[in-house]
Amino acid sequence: MKNLYHDILQSKTAGKKLLAILLDPDKIELGNIRTFCKKIMDSPATHVFVGGSTVEGSIVDAQILELKKHIHLPILLFPGHPSQISAEADGILFLMLLSGRNAEYLIEHQIQAVPLLEKTNLEIISTGYILIESGAETAVEKVSQTKPLSRNNSAYAAQTAKAGEFIGNKLIYLEAGSGAQLPVPLAMIECVSKAISVPLIVGGGIRSQQQINEAYQAGADIVVIGTAFENDLNFFIT
């Protein structure tokens, strides 16, 4: 499976909204993947993201191989650490934590990932990752030891996103974080969307189909659902 980014760009140009299901390998057992896959294929999902804050890569390999037996959607890694890189996926969101100032997540992990990535055929998509305050400390905040951006300063979030685009990020990811109490504010999504020309991903704290549609209307090109789907595999059944 190739040209994943090209397909995302084409969808943006055509005004087609995309939906990614985020699967945290720490929370999924191999024996349950077939059930997950059936629900994913019955949903409007266009992509599957795989990753977490602490999971090890050997687990990811086995789970992606099992996923591929049952679904035919692009599988993109969403890694919290280079150890989570798996050659079995189709691509990787090569993340730069733009909202933080911890050099480990700005450049060091990326450097560590290079020897691993060079041994794979993964499509590498540079992604500016921006963590937004969500009402509670999230796993990303704890692991990265960085603070999220204020949810009340849309202009600064937009400025940060635009800086990421200038650096060369091909995607911008606005994230409230796993287990977020509040999603990214709609006003912020709109502000960031207007500031950048690259596709915008929005995730974290989205718990209803209404919130998905509101994020789309505000300017998100891809919405990510994780915890809500994990907790209710019938999330998309109306």
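Residue-wise test of (1) modelled with pLDDT under 95; (2) of a type outside the set (Asp, Glu); (3) surrounded by 14 or more Cβ atoms within 10 Å (Cβ to Cβ).
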| residue | (1), (2), (3) |
| --- | --- |
| VAL140 | yes, yes, yes |
| PRO148 | no, yes, yes |
| ASN152 | no, yes, no |
| ALA187 | no, yes, no |
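If PRO199 meets every condition in (1) closer than 22 Å to ALA139 by Cβ; (2) within 14 Å of the chain's Cα centre (by Cα); (3) modelled with pLDDT of 95 or more apart from one, which number is that one?
Condition (1) is where PRO199 drops out.
Filter the range 160-180 down to the residues that are open to solvent by 40 Å² or more (accessible area, probe 1.4 Å), in contact (Cβ under 8 Å) with a residue 60 or more places away in the chain and assigned to a helix (DSSP H, G or I) and list them by number.
Answer for the range 160-180, where residues must be open to solvent by 40 Å² or more (accessible area, probe 1.4 Å), in contact (Cβ under 8 Å) with a residue 60 or more places away in the chain and assigned to a helix (DSSP H, G or I): ALA163, ILE167.
Name the single residue, out of those in the range 93-132 being part of a loop (DSSP other than H, G, I, E, B), without any contact (Cβ under 8 Å) to a residue 40 or more places away in the chain and charged (D, E, K, R), that is nearest to TYR5 (Cα to Cα). Before the answer, list the steps.
Keep residues of the range 93-132 that are part of a loop (DSSP other than H, G, I, E, B), which gives 98-102, 118-122.
Subset that is without any contact (Cβ under 8 Å) to a residue 40 or more places away in the chain: 118-121.
Filter once more, so that each one left must be charged (D, E, K, R): 118-119.
Values: GLU118: 19, LYS119: 20 Å.
Across the range 93-132, the extreme among qualifying residues is GLU118.
Condition first: over 28 Å from ASP232 (Cα atoms), open to solvent by 20 Å² or more (accessible area, probe 1.4 Å) and out of contact with any Cys (no Cβ under 9 Å at 6 or more places or on another chain). Can you find one or more residues in the range 43-59 that meet it? Even if it seems obvious, please write down each step before you answer.
Keep residues of the range 43-59 that are over 28 Å from ASP232 (Cα atoms), which gives none.
No, the range 43-59 contains no residue that is over 28 Å from ASP232 (Cα atoms), open to solvent by 20 Å² or more (accessible area, probe 1.4 Å) and out of contact with any Cys (no Cβ under 9 Å at 6 or more places or on another chain).
Out of curiosity, is LEU73 farther than 18 Å from ASP24 by Cβ and surrounded by fewer than 21 Cβ atoms within 10 Å (Cβ to Cβ)?
Details: farther than 18 Å from ASP24 by Cβ: no; surrounded by fewer than 21 Cβ atoms within 10 Å (Cβ to Cβ): yes.
Here the answer is no, as LEU73 does not meet what is asked.
The values are calculated or read from the model by the stated rules, or taken from the named source; none is laboratory data. Predicted model only: the values in this text are computed from it and were never measured. Positions of Cβ are generated from backbone atoms using ideal geometry, with glycine treated the same way; all protein chains shown enter the neighbour counts. Just the protein is used for accessible areas: all its heavy atoms, side chains included, with ligands, DNA and RNA removed. Shrake-Rupley method; radii C 1.70, N 1.55, O 1.52, S 1.80 Å.
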